[in-house]
Amino acid sequence: MRVLLILLLILFNPDLKEKREVIVTKKVITVSGQTSIGGFNCDYAKNGLKDTLYIDYDDLKKELIFDIPVQDFSCGNFLLNRDFRKTIKAEQFPTAKVKVRNLQSNYGHYTCDLSVDLVGKTLHFPALVLKRTPAGVSGNLILSFEELALETPKKMGGLIKVEEALHLEIQLGF
């Protein structure tokens, strides 16, 4: 019984987590949503990075910051690209910023404090769950046009409407 108790204390003691650093070599950010005629995906990908991601550090100053040029998102064709950039006010806000802080391993998945600066708004997502993938980690968020203070786009006199929910997926490869 004592051995079982000691084993449980060792396994579930957060102070015994091994601090690690990994090199992020790839980041992919995907914004997707639905319209009244189908779905859309807008992607941003960057390879060849050498950013350090700190895992299980208690020091909150160890953060990873990504500046993302909004013009670099690709939605598949020039019309969708133009509409996407117009919707998120790319001329007024040419970059988006993503901050990853306090990345902690939690027995099969990770959590982090994530901040997203987009269209002049800063959104905080404490304890966001990141799933382990073969290439790194991945997290999903659901944003709305309302929380970004954006108007929901409409085309052709309102015949084509975009749903309020936007899905944001962040993938970090290492």
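Readers should treat all values here as calculations from the given coordinates under stated rules, not as data from a laboratory. This structure is a prediction, so every number in the text was calculated from the model and none was measured. Note that each Cβ is placed from the backbone with ideal geometry, even for glycine, and that neighbours are counted across all protein chains shown.
Given charges of +1 on the Cβ of Lys and Arg and -1 on the Cβ of Asp and Glu, with all other atoms neutral, how large is the dipole of the chain about its Cα centre, in debye to the nearest 20? It would help to have the intermediate numbers written out before the result.
Numbers: 23 positive and 21 negative charges, 58 e Å.
Its charge dipole is roughly 280 debye.
Kindly state, to the nearest 0.05, the FRET efficiency for S105 paired with S32, given R0 = 30 Å and r defined as their beta-carbon distance. Each step should come with its number before you reach the end.
Details: r = 28 Å, r/R0 = 0.92.
Taking R0 as 30 Å, the efficiency between S105 and S32 is 0.60.
Aspartates and glutamates within cross-link reach of K46: Cα-Cα under 19 Å, excluding same-chain residues under 8 positions apart?
K46 reaches E63, D67, D72, D117, E169.
Helix 2-11 sits at what angle to the longest principal axis of the chain, using alpha carbons and giving 0 to 90 degrees rounded to 10?
Computed tilt is about 30 degrees.
Give the average over all directions of the projected area of the C-alpha convex hull of region 19-173, one decimal, in nm². Walk me through the numbers on the way to the answer.
Numbers: hull surface 38.3 nm².
Value for region 19-173: 9.6 nm².
Among L80, A149, N106, flag the residue with its Cα farthest along the positive direction of the charge dipole of the chain, charges on Cβ as +1 for Lys/Arg and -1 for Asp/Glu.
L80
What nm distance separates the two modelled labels at D72 and S144, each placed 7 Å from Cα along Cα→Cβ?
The two pseudo-label positions are separated by 3.1 nm.
So how compact is region 82-174: Cα radius of gyration and Dmax in angstrom?
Here Rg and the maximum Cα pair distance are 15.5, 51 Å.
I need the peptides 147-154, 160-167 ranked by packing, meaning the mean over residues of other C-beta atoms within 10 angstrom, with the highest value on top. Don't skip to the end; give the middle numbers.
On the way: 147-154: 13.5, 160-167: 15.4.
Highest mean packing first, the order is 160-167, 147-154.
Take the Cα of V119, step 7 Å along the line toward its Cβ, and report every residue of region 29-47 whose backbone nitrogen sits under 18 Å from that point.
Answer for this model: 30-36, 40-44.
On a straight-distance basis, which lysines could pair with K50 in a cross-link, Cα separation under 29 angstrom, same-chain partners fewer than 8 positions away excluded?
List returned: K17, K19, K26, K27, K61, K62, K97, K99, K121, K131.
For E169 paired with L79, estimate the spin-label separation in nm (one decimal), with each label point 7 Å from Cα along the Cα-to-Cβ line.
2.5
Using only Cα atoms and rounding to the nearest 10 degrees, what angle (0 to 90) does helix 78-87 make with the longest principal axis of the chain?
Between helix and principal axis, roughly 70 degrees.
At R0 = 25 Å, how high is the FRET efficiency between K19 and V129 if r is their beta carbon distance? Nearest 0.05 is fine. Please list the in-between numbers first.
Numbers: r = 20 Å, r/R0 = 0.82.
About 0.75, to the nearest 0.05.
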